[in-house]
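Note sheet for the following structure.
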Amino acid sequence: MNSSVQSIVESGMPDTQYTSPPAVYRSGLLFPLDALHRRAGRSVPSATPLAPEALPEPQRTLLVHDRDMTRTLEQFHRGTIHLELLSWHQEDGAYWREVVLRMDGSEKPVEFGAIRITLEHFEEPWRSQIVEGHCPLGGILNASGIGFRSSPEAYFSITSDPFVTGVLGLRGSPTLYGRRNRLRSAEGELLAEIVEILPPPTL
């Protein structure tokens, strides 16, 4: 087992039991990525739902858990992460954005994310920090002390489209793996809906 994967497994991250993905998703398997692609005039890439046990390693360890991705990726890659903001807009009380998470120093991309954030559930200064687009949402949540839980709803493989391929610095149309996730407050309020896609581990 990769030493970084082993350290995550041994860190006490819960090995939550997941069932096979449902056939119908309330907002679509790739929401909000699909909505952001359509808004930009891009074709929505093809994705296939997967049971968590069907994911290869290290993607399974990085995706099948109920913690935020920022800490998980920082632990795996042994460094700190910053956010590259690709696009954003506000609509219906929500803040929508596409981002790449990159390692500090090397600028190595470690995740592509499409996110819909419900701003009304964040007080200042955290709301302004979200809109400024410098820090990953997970990092802001951890710094703020806001109680939250991560609730992965689906896992998938996806044929990378030209946009995702380009922002991750890939070539061709590789098969990537990701999850659809929801972040909720301790009171059950929906904080964010996220599609998280990982580049190949050899990148």
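Since every read-out is calculated from the coordinates, none of them should be taken as a lab result. Everything numeric in this text was worked out from a predicted model, so none of it was measured. Here the Cβ positions follow ideal geometry from the backbone for every residue, glycine too, while neighbour counts run over all protein chains shown.
For the range 130-173, rounded, prolate or oblate, judged on the Cα gyration tensor with a ≥ b ≥ c (square roots of eigenvalues), a/c < 1.5 rounded, else prolate if a/b > b/c? Show your work: numbers first, answer last.
Numbers: a/c = 4.36, a/b = 1.72, b/c = 2.54.
Verdict is oblate for the range 130-173.
Could you give me the ³J(HN,Hα) list for the range 105-118, computed from phi with Karplus coefficients 6.51, -1.76, 1.60 and θ = phi - 60°, whole Hz, x at Gly and Pro?
Once θ is set to phi - 60°, the couplings for the range 105-118 become x, 7, 6, 4, x, 10, 6, 9, x, 10, 9, 10, 10, 8 Hz.
Only sites in a loop by DSSP and with at most 10 other Cβ atoms within 10 Å count here; which trypsin sites (Lys or Arg not before Pro) in the range 48-102 make the cut? Write down the numbers at each step before the final one.
Details: sites: Arg60, Arg67, Arg71, Arg78, Arg97, Arg102; in loops: Arg67, Arg78.
Passing both the DSSP loop test and the Cβ count: Arg78.
Averaged across orientations, what area in nm² does the convex hull of the alpha carbons in the range 26-198 project? Don't skip to the end; give the middle numbers.
Details: hull surface 38.3 nm².
In nm², the orientation-averaged hull projection of the range 26-198 is 9.6.
Using θ = phi - 60° and the Karplus relation 6.51 cos²θ - 1.76 cosθ + 1.60, list the HN-Hα couplings for the range 169-185 in order, rounded to whole Hz, with x at every Gly or Pro.
x, 9, 10, x, 10, x, 7, 10, 10, x, 9, 9, 9, 10, 9, 10, 6
Apply the Karplus parameterisation 6.51 cos²θ - 1.76 cosθ + 1.60, with θ equal to phi minus 60°, to every residue of the range 156-166 and state each ³J(HN,Hα) to the nearest whole Hz, in sequence, with x for glycine and proline.
With the stated coefficients, the range 156-166 comes to 7, 9, 9, 7, 4, 8, x, 5, 5, 4, x Hz.
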